[in-house]
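Everything below concerns the one structure shown next.
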Amino acid sequence: MNEGSPADLPDDWSVSFFDDGFAATFGQMGRYDSTADEVDEIASLLGLPPGARILDVPCGFGRHAGPLDACGYEVVGIDMAPAQIEEARRRWPGIEFSVGDMRQPPEGPFDAVLNLWSSFGLLPSAEEDLQALAAWRRVLAPGGSLLMHLTTLERAQLRYRRGDELVSVNTAEVGGVLEETHCDWSTGVI
């Protein structure tokens, strides 16, 4: 393994990565500009009546939970990063947000579970990813929906890989922020 590769990260890397500067940095990069359209698409895909219970996991700073709550849904958000939960509570004080592990969601039942913005596959192992899926299934109401936003290894390869290298490193400046992406093709870790 190359020194400094994503596979060298500690299991709790996300707590420090999603710190209090994360939202501001990604906001400057324009990554949240489509939030209103995304919320409209989520509501359309789910087709749930007002009052339906939705679990947003991980919820980050509540960028989807807040607007969905404003649409009349009862939203609960959990995230491992205390800074994100603190910001979510500040922005939307009427919503239940808590620091928590996606493998241990709050008690349901929920009419829908949302896992958005390619937030699946962040756990230390595939077995733990499966634990999260099983936990979400347990808290879904009968007939409830799991809505996930995912990317694929093939899509990442088209975007980042330039040959047959084992690790691709790409840098781009977006909105004045320098972003560096490391893609380890042998492990599938980005």
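The values are calculated or read from the model by the stated rules, or taken from the named source; none is laboratory data. Since we're looking at a predicted model, the values are computed, not measured. Here Cβ is always computed from backbone atoms with ideal geometry, including for glycine, and neighbour counts include all displayed protein chains.
Please work out if VAL167 is in contact (Cβ under 8 Å) with a residue 24 or more places away in the chain, surrounded by 14 or more Cβ atoms within 10 Å (Cβ to Cβ), hydrophobic (A, V, I, L, M, F, W, C) and not assigned by TED's automatic domain parsing to the domain that holds GLY66.
Yes.
When segment 125-163 is examined, which residues are found to be basic (Lys, Arg) and closer than 17 Å to PHE110 by Cβ?
Those that are basic (Lys, Arg) and closer than 17 Å to PHE110 by Cβ: ARG137, ARG138.
What are the residues in segment 173-190 that are over 22 Å from the mean Cα position of the chain (by Cα) and in a strand (DSSP E or B), if any?
Answer for segment 173-190, where residues must be over 22 Å from the mean Cα position of the chain (by Cα) and in a strand (DSSP E or B): just GLU173.
Determine the pairs where a residue that is under 13 Å from LEU146 (Cβ atoms), located within segment 43-55, has a partner that is in a helix (DSSP H, G or I) and among the charged types (D, E, K, R) with Cβ atoms under 7 Å apart, the partner being 6 or more residues away or on another chain.
none
Filter segment 83-109 down to the residues that are over 21 Å from ALA135 (Cα atoms) and acidic (Asp, Glu), then identify the one that is surrounded by the fewest Cβ atoms within 10 Å (Cβ to Cβ).
Among them, the one singled out is GLU86.
Out of GLN131, GLN157, GLN104, report the one residue that is out of contact with any strand residue (DSSP E or B) (no Cβ under 7 Å at 6 or more places or on another chain), outside the structural domain of ARG63 (by TED's automatic domain parsing) and touching a residue at least 24 places away in the same chain (Cβ under 8 Å).
GLN157
Of everything in segment 20-50 that's among the hydrophobic types (A, V, I, L, M, F, W, C) and within 19 Å of ARG91 (Cα to Cα), which residue is modelled with the lowest pLDDT?
As a first pass, look at segment 20-50 and keep what is among the hydrophobic types (A, V, I, L, M, F, W, C): 22-24, 26, 29, 36, 39, 42-43, 45-46, 48.
Add one more test, that the residue is within 19 Å of ARG91 (Cα to Cα), and what stays is 22-24, 26, 36, 39.
On the way: PHE22: 61, ALA23: 60, ALA24: 61, PHE26: 57, ALA36: 84, VAL39: 86.
Taking the candidates together, the pick is PHE26.
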